[in-house]
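Quick notes on the structure that follows.
Bear in mind these aren't lab numbers, they're just calculated from the coordinates by the rules spelled out. As the structure is a computational prediction, the values presented were derived from the model and not from experiment. Ideal geometry is used to build each Cβ from the backbone, glycine not excepted, and the neighbour counts take in all protein chains shown.
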Amino acid sequence: MKHTIRICLALLFIAAIAKAQEAPVPPTKAGYIIVTDTIPADGKTDVADMIQKLIDDNPNRTIYFPDGVYLLSHPIATPAKPSLSVDLKLSNYAVLKAAPDWKDPEAMVRLGGKVPFNDIRTNGSNYGLTGGIIDGSMVANGISIDSGRETKIRDVSIKHTKIGIHIKRGANSGSSDADILSVNIVGNKARDSIGVLVEGYDNTLSNMRIADVYVGLDIRSAGNSFRNLHPLYTCGWNDYGDSTGFWDRSGGNNWYSFCYSDQFAIGFHLARSIHSTFDSCFCYWYAGKEPHEIGILADESFNSIFNCFTCNFNGNSPKSIVLKEGKPGGQGLLMYPRITGPNIQEKEVYEAYMRK
């Protein structure tokens with residue numbers, strides 16, 4: 001009898017071990033710092049100071065946010081110095097939410113906002129924020145990259161923000177060298193709302209959709225690569241004439257590929273004499289609105305290259321203009337364009353730059 005009991009207990013023990021091995025390893029066992037081990041995610045408690053302490057006390061660790069709502073009354077900031085840096089990972093339904101009385105002009109999450117540094121050789125230089133939802137509650141900015149290099153933002157949903165992402169002037173002589181991938185942004189529909197504000201140089205942005213902003217991307221630096229970016233105008237028709245999909249005022253060179261300005265009054269706005277390259281980019285309008293629809297607006301001479309540019313005017317705007325320039329005689333090229341729609345005006349301007 002005792003022998004039989006021992007056998008049964010042994011079998012149960014073996015089965016328990018097998019079941020434990022089959023079970024998924026929780027994040028704690030993977031070495032992550034789990035935020036909810038010490039901090040509530042109830043959407044009511046202000047946890048900004050608690051999260052900041054967690055960041056400060058755990059250098060070179062991955063900090064994991066399980067599903068829940070983390071209420072912030074002020075920004076949280078990560079260090080750019082590699083020996084102090086942390087990587088923030090949010091589960092798909094983890095929400096960092098700005099408190100309704102938010103007053104701070106800085107973004108909710110400031111990557112590299114503490115201990116600015118310029119270092120790509122030390123372990124820990126490559127960090128950022130992955131996953132989850134950043135909710136600005138219609139009053140806050142979303143995420144900023146303040147310092148460091150190799151900073152990444154990916155697979156994030158940014159909602160109800162004044163400025164979705166702000167890439168500040170970087171630590172490497174102005175270069176921020178950041179990578180932004182698979183991020184969706186919804187603004188707050190305010191007159192000064194911006195999807196992405198780029199001030200640092202040498203960044204790569206790809207696979208993004210942006211809505212509820214008056215300016216999709218405000219680009220004030222050169223050396224950037226933009227691919228498959230799709231800002232869509234959804235703000236109503238007040239002040240429509242200033243709405244812009246892509247506003248390049250860098251004074252240098254940027255590269256655009258498969259970038260799509262959707263329903264903005266101005267598709268691509270080129271300040272000064274911008275020398276940027278646009279490949280297979282396009283503008284589209286569902287319905288015409290006053291005062292105009294402009295594919296390319298060059299404040300001065302047109303000096304950029306547009307290859308395989310599509311401009312599709314489907315509405316009945318009183319002014320449908322492919323290219324409007326401040327000064328004639330630029331050195332730009334408009335190669336293999338596809339132009340469709342009614343009421344197209346000032347054809348002689350864009351035709352002067354066409355190469356077929």
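Key figures for this structure:
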read-out: The range 123-202 shape via C-alpha gyration tensor axes, a/c threshold 1.5; value: oblate
read-out: Net +/- balance of residues flanking residue 229 in space, Cβ distance below 15 Å, scoring K and R +1, D and E -1; value: -2
read-out: Within the range 259-288, chymotrypsin sites (Phe, Trp or Tyr not before Pro) in DSSP loop having at most 16 other beta-carbon neighbours inside 10 Å; value: 286
read-out: Where trypsin sites (Lys or Arg not before Pro) fall in DSSP loop in the range 58-121, at most 12 other Cβ within 10 Å; value: 103, 121
read-out: Cα gyration tensor shape of the range 211-286, rounded if a/c is under 1.5, else prolate or oblate by comparing a/b with b/c; value: prolate
read-out: In the range 179-215, trypsin sites (Lys or Arg not before Pro) in a DSSP loop with at most 16 other beta-carbon atoms within 10 Å; value: 189, 191
read-out: Taking all pairs of distinct alpha-carbon atoms in the range 142-185, Kirkwood radius in angstrom; value: 10.8
read-out: With Cα atoms, 0 to 90° folded angle of helix 48-57 axis to the chain main axis; value: 70
read-out: Dimensions in Å of the chain - Rg and Dmax from alpha carbons; value: 24.8, 102
read-out: The range 35-132: C-alpha gyration tensor shape, a/c 1.5 cut-off, then a/b vs b/c; value: prolate
